[in-house]
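What follows is one structure encoded as structure tokens, with my remarks underneath.
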Amino acid sequence: GGDQTVRHSTLSLAAACALLGCAAVAVLTFREHNNFMMLGVRGARCKRRTPLSTKTLWFVLQTSTVSMSSFFLLYKLNLMHYTPCEPTLAYWLQTFLPFYTLLVLRDVCFLLPLHSLMHTPRFYKWHKTHHEVRSDAQALHAFHIDVVDLLVENVGAPVLLLLGQYALGLPVGLHWITGAMLTMHDGALHSVNPWSVMYFNPLLDYLLEPNVNHQLHHALN
């Protein structure tokens, strides 16, 4: 809840994070099911839903476990918090601004140099698992990634943000909604729906077409 003075037990936090992981997978699954129903007549790629492989389902479990373990650690270190949603600038600044900042830090400091490097012959072995997903990409394929690849591309940005907050004398931590938006962003990036909402900003979604570009990244490998 919103009362940050309440200290929950380790078991309660672990259970909450496990339920959060299950909820995220359920939401993405339900969303993609509806996408296939609505877009079935729009194009050949949408007419038939390819069942997720057993391997992908294993990666869903593995990646969810790693992600929720990181949430659990942030909670235990008092670096993740929750306050009730409010239509105010203050709420936007503590949820959406870190969301955009994390995406920029991840792209500029990690994906730009490291993702390109991982597509070279010497390092592709660490990244090839994610590119087993080709033109059949669906939301849950965002989870189809090796742990090393997952950590290399995703851990650094939150650390930089927390260090930046500390250096600027700002409250250090992440809002739970920011983490939830990042999860939904990565799922929508792989979604079959090319009109997927990514940045919760119609202008950015229209100009950058992130889903279409990422789908091409997988389809063309």
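The values are calculated or read from the model by the stated rules, or taken from the named source; none is laboratory data. In this text, all values refer to a predicted model and were calculated from it rather than measured experimentally. All Cβ positions, glycine included, derive from the backbone under ideal geometry; neighbour counts span all protein chains shown. We work out accessible area using only protein heavy atoms, side chains counted, and drop any ligands, DNA or RNA first. Shrake-Rupley method; radii C 1.70, N 1.55, O 1.52, S 1.80 Å.
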Checklist outcome for this item: re the chain: pairs of Cα atoms spaced beyond 22 Å account for a percent value of 54
Checklist outcome for this item: Rounded to one decimal in Å, the inverse mean reciprocal Cα-Cα distance for the range 83-140, i.e. its Kirkwood radius, is 14.3
Checklist entry - Gaussian network model of the chain, Cα springs within a sub-10 Å range: biggest mean-square fluctuation belongs to which of L189, L102, L170? => result L170
Checklist outcome for this item: Which of N78, N154, N211 fluctuates most in a GNM of the chain (C-alpha springs under 10 Å)? That residue is N78
Checklist entry - What Kirkwood radius, in Å to one decimal, follows from the Cα pairs of the range 156-221? => result 13.6
Next on the checklist: Just the number please: accessible area per residue for the range 138-221, 1.4 Å probe, all protein chains included, in Å².
Outcome noted: 47
Next on the checklist: Only sites in a loop by DSSP and with at most 14 other Cβ atoms within 10 Å count here; which trypsin sites (Lys or Arg not before Pro) in the range 123-196 make the cut?
Outcome noted: K128, R134
Checklist entry - Of the peptides 112-122, 60-70, 135-145, how do they stack up when ordered by the mean number of other Cβ atoms within 10 Å, highest first? => result 135-145, 60-70, 112-122
Item to check | Nearby aspartates and glutamates by direct alpha-carbon distance to K55 (threshold 14 angstrom, same-chain neighbours under 8 apart not counted) | outcome: E132, D146
Item to check | Angle in degrees between helix 89-105 and the longest Cα principal axis of the chain, rounded to the nearest 10 | outcome: 50
Next on the checklist: Among P51, H33, H119, whose Cα projects farthest towards the positive end of the dipole of the chain, with charges put on the beta-carbon of Lys, Arg (+1) and Asp, Glu (-1)?
Outcome noted: P51
Checklist outcome for this item: Placing each pseudo-label 7 Å from Cα in the direction of the beta carbon, A26 and T54 end up separated by a distance in nanometres of 2.6
Checklist outcome for this item: Non-local residues with an amide H under 5 Å from the amide H of M80, with H modelled 1.01 Å from N and Pro and chain starts lacking one, are Y75, L174
